[in-house]
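To start, the structure under review is shown below, and the notes come after it.
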Amino acid sequence: MTEYELRKELARICRLLYERELVIANAGNVSARAGRGRFLTTPSGTCKGWLEPADFVTVDESGRKVAGSRPPSSEFDMHRVIYEVRPDVQAIVHAHPALATAFTVAGRSLGEPILTEGLLTIGQIATAAYATPGTPAVGNSLRHLVRDHDAILLAHHGAVTCGPDLDTAYWYMEIVEHTAKTRLAAEALGGARSLPPGEVDALLRTRQRLRGGLAAGRPR
């Protein structure tokens, strides 16, 4: 994929996030690897649904701007930590899905295994402790979690997902919000029930096998 093609893909993913109301106004940020030691990221303070390919900013491994007319996302440090810890990750999506975020505001977790497809695609959803947005504390809050999780809720601050390509990272965000919707509906109907522990282990083993052969976690 050329850099221009990658920029077009970033713009497409950003529009999807905005159209599906996984981000609003100028919230959220998206990035992708663009070659050795280089990354493309969303510019700071912009509506993701309005971005064009030329708007994305090129940064180096430290988050310093290399090219672009606008400043890079103020939260790229969070992306930098994930890329550092996970060399397999090629793309990252940070969004503010309303229901998933509401669970963190209420002090609730989405880590309980209730959906088979969720376990097969994103595994178990972790929750990072609260950290002030736009500070290095955000990256530090998820450093130990991202080693084993592709989807992490950020307390009072949305969610971050990562994957081997932009489509997968985006799909994971949709699955996070779908999990929140399903759990809320189940609780309204009397309570969510976890999958049996043996089944959880079997599904996670299957996911590991799929990650070894297919694009990591890509829905079949």
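Here are some notes:
- Among residues of the stretch 84-104 that are without any contact (Cβ under 8 Å) to a residue 60 or more places away in the chain and surrounded by 16 or more Cβ atoms within 10 Å (Cβ to Cβ), those with a beta-carbon under 7 Å from a residue that is in a loop (DSSP other than H, G, I, E, B) and not acidic (Asp, Glu) at least six positions away or on a different chain give the pairs Thr101/Gly158; Thr104/Ala155; Thr104/His156.
- Residue list for the stretch 108-160, filter: of a type in the set (Lys, Arg) and either under 18 Å from Lys181 (Cα atoms) or in a strand (DSSP E or B) (or both): Arg108
- No other residue among Arg143, Arg183 is among the basic types (Lys, Arg), under 19 Å from Ala100 (Cβ atoms) and touching a residue at least 40 places away in the same chain (Cβ under 8 Å) apart from Arg183.
- Screening Glu61, Glu75, Glu117 for residues that are in contact (Cβ under 8 Å) with a residue 40 or more places away in the chain, surrounded by fewer than 22 Cβ atoms within 10 Å (Cβ to Cβ) and of a type in the set (D, E, K, R) leaves exactly one candidate, Glu117.
- Test: residue in the stretch 17-26 that is of a type in the set (Ser, Thr, Tyr) and either out of contact with any strand residue (DSSP E or B) (no Cβ under 7 Å at 6 or more places or on another chain) or in a loop (DSSP other than H, G, I, E, B) (or both): yes
- In the stretch 179-198, residue surrounded by the most Cβ atoms within 10 Å (Cβ to Cβ) [restricted to those that are assigned to a helix (DSSP H, G or I) and basic (Lys, Arg)]: Arg183
- Within the stretch 110-144, the set of residues being under 21 Å from Ile175 (Cα atoms) and among the charged types (D, E, K, R) comprises Glu112, Glu117.
- Unique match (being without any contact (Cβ under 8 Å) to a residue 60 or more places away in the chain, more than 19 Å from Pro133 (Cα to Cα) and surrounded by fewer than 18 Cβ atoms within 10 Å (Cβ to Cβ)) among Gly37, Gly107: Gly37
Bear in mind these aren't lab numbers, they're just calculated from the coordinates by the rules spelled out. Nothing here was measured: the structure is a model prediction, and the numbers come from that model. A quick note on method: Cβ atoms are made from the backbone with ideal geometry, for glycine too, and the neighbour counts reach across all protein chains shown.
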